[in-house]
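The next block holds one structure in the form of structure tokens; read it before the comments.
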Amino acid sequence: MGSRIDALKNLFASKNLDGYLVAAEKNLQYFTGFSGGAALLMPAEGENVLYVHGVNFEAAKEQTRNAAVELIKTGEDFARKIVDHIGSLKLQRVGFDSLRASTYLKLKEFLKETQLEEAEEMAWQLRKIKDENELDLMRRAAEFTSRGMRKAFEIVEAGLTEQEVAAEVEYAMRKSGSDGVAFDTIVSSGPNSAFPHGGCGDRRLTESDFVVVDIGAKYRGYCADLTRTFVIGKPSAKQLEIYGTVVKAQDMAIEELGAGAEAEKIDGAARNCIEKMGYGGYFVHSLGHGVGLEVHEPPALGPTSRDILAAGNVVTVEPGVYIPKFGGVRIEDTVLVLDQGAEKLTKAPFSLTS
């Protein structure tokens, strides 16, 4: 953990900062190992301090790394506490990741000698590149997610409700060792499958349905994301064509992955494949997104993205085709970007029928 804080401090000079204030929950976890803090102040010189409310104080003392833990007493003005600390250190220019508007305005009001600088990208600059410890945790999350999908393959059949499928899948991930779900499980069947984030309801699966299952396990804070699509019974020629198109689009995009690859071109590889088959108007979202402590984080794979991939990025690759009133197909994996090529972290079978 110390190396992460040191790495951030090494970036101070690029922004002419002499301090940095972290308030985003996931950044707090990233830099200190503890997610229940209220804020973390990192001066260029001197001790890092994590401010914690009483409900999390004892846990913070045990779990926090590379920062002193300071209690925010009941009724104490949290923002004024930070103001006093910054003033005592005589910090001139303090960057921050994300602050509530009320907190920001209060800091601005009382910090007469200090300039506040929005500098969220500095934290993302580090978080986008996963270290070996993070990758170990993400591989575990991906393993549990993959086990959940294998359970879906075993149980998806006509008569079950979307909620029943979701319950069995989530139980399988929990039983395998996950800490919970990375996001609300999606099981969308029939016409609901045409909604990319169709959720999960009480509709019963029926013959000829497309069933989109989008799941993610979480392990020690780190996420994975995986989607497969099934057909109940024998698929029609059109269903086979759409499914084959989406699988091919994902393959073509993954072939483009690697350090130095342009995110826009990776999206384009998948999008062009789908457009050539006549379904371009039905691919209604970007190709993918970064994954880590959050299930949606930089870098972005999309038609307007300016991101350049680097080894250590972990992204989803999830092309889809969604035809209103007919149904939809999405295929998604969580993928690690390597110096050359990529490694799929999620491993689930490809089969249109369960």
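The values are calculated or read from the model by the stated rules, or taken from the named source; none is laboratory data. A quick note: this is a predicted structure, and the numbers were derived from the prediction, not measured. When we count neighbours, we look across all protein chains shown, and the Cβ atoms used for this are built from the backbone with ideal geometry, even at glycine.
Have a look at Gly302, Gly292, Gly233 and point out the one that is assigned by TED's automatic domain parsing to the domain that holds Ala142 and either free of Cβ contacts under 8 Å to residues at least 12 places away in the same chain or touching a strand residue (DSSP E or B) at 6+ places or on another chain (Cβ under 7 Å) (or both).
Answer to the check: Gly292.
Does the range 235-250 include one or more residues that are in a loop (DSSP other than H, G, I, E, B), over 19 Å from the mean Cα position of the chain (by Cα) and closer than 25 Å to Val169 by Cβ?
yes
Select, from Ala270, Ala261, the only residue that is within 23 Å of the chain's Cα centre (by Cα) and either closer than 30 Å to Ser208 by Cα or not assigned by TED's automatic domain parsing to the domain that holds Cys223 (or both).
Ala270
Let's see how each residue does on (1) among the basic types (Lys, Arg); (2) touching a strand residue (DSSP E or B) at 6+ places or on another chain (Cβ under 8 Å); (3) modelled with pLDDT of 95 or more:
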residue	(1), (2), (3)
Val314	no, yes, yes
Glu318	no, yes, yes
Val321	no, yes, yes
Gly328	no, yes, yes
Thr334	no, yes, yes
Leu338	no, no, yes
Lys344	yes, yes, yes
Ala348	no, yes, no
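May I ask you to say which residue of Thr346, Thr304, Thr334 is in contact with a helix residue (DSSP H, G or I) (Cβ under 9 Å, 6 or more places away or on another chain), buried (at least 23 other Cβ atoms within 10 Å of the Cβ) and outside any strand (DSSP E or B)?
Just a single option satisfies the conditions, and that option is Thr346.
Picking from Thr206, Thr161, Thr185, which residue would you name as being surrounded by 17 or more Cβ atoms within 10 Å (Cβ to Cβ), without any contact (Cβ under 8 Å) to a residue 60 or more places away in the chain, in the same structural domain as Val231 (by TED's automatic domain parsing) and touching a strand residue (DSSP E or B) at 6+ places or on another chain (Cβ under 8 Å)?
Matching residue, one of Thr206, Thr161, Thr185: Thr185.
Any chance you could count how many residues in the range 24-46 are crowded, with 18+ Cβ neighbours inside 10 Å and either among the hydrophobic types (A, V, I, L, M, F, W, C) or touching a His at 6+ places or on another chain (Cβ under 6 Å) (or both)?
9
Look at Val213 and say whether it is within 19 Å of His285 (Cα to Cα), touching a Lys or Arg at 6+ places or on another chain (Cβ under 6 Å) and assigned to a strand (DSSP E or B).
yes
Among the candidates Ala224, Ala269, Ala172, which residue alone is free of Cβ contacts under 8 Å to residues at least 60 places away in the same chain and farther than 23 Å from Ala158 by Cβ?
Matching residue, one of Ala224, Ala269, Ala172: Ala269.
What tally of residues in the range 154-206 results from selecting those that are hydrophobic (A, V, I, L, M, F, W, C) and touching a Phe, Trp or Tyr at 6+ places or on another chain (Cβ under 6 Å)?
Number satisfying all stated conditions: 3.
Given (1) among the hydroxyl-bearing types (Ser, Thr, Tyr); (2) part of a helix (DSSP H, G or I); (3) surrounded by 15 or more Cβ atoms within 10 Å (Cβ to Cβ), identify the lone condition not met by Ser178.
(2)
How many residues, within the range 36-63, are touching a residue at least 24 places away in the same chain (Cβ under 8 Å) and touching a Gly at 6+ places or on another chain (Cβ under 7 Å)?
Result for the range 36-63: 8.
Under the condition of being part of a loop (DSSP other than H, G, I, E, B) and either of a type in the set (Phe, Trp, Tyr) or at pLDDT below 95 (or both), which residue from the range 275-294 is farthest from Gln250 (Cα to Cα)?
Tyr279
Rundown of residues vs (1) modelled with pLDDT of 95 or more; (2) surrounded by fewer than 13 Cβ atoms within 10 Å (Cβ to Cβ); (3) touching a Cys at 6+ places or on another chain (Cβ under 9 Å); (4) not hydroxyl-bearing (Ser, Thr, Tyr), yes/no style:
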| site | (1), (2), (3), (4) |
| --- | --- |
| Gly75 | no, yes, no, yes |
| Lys81 | no, no, no, yes |
| Asp84 | no, yes, no, yes |
| Arg93 | yes, no, no, yes |
| Phe96 | yes, no, no, yes |
| Glu109 | no, yes, no, yes |
| Glu113 | no, yes, no, yes |
| Glu121 | yes, no, no, yes |
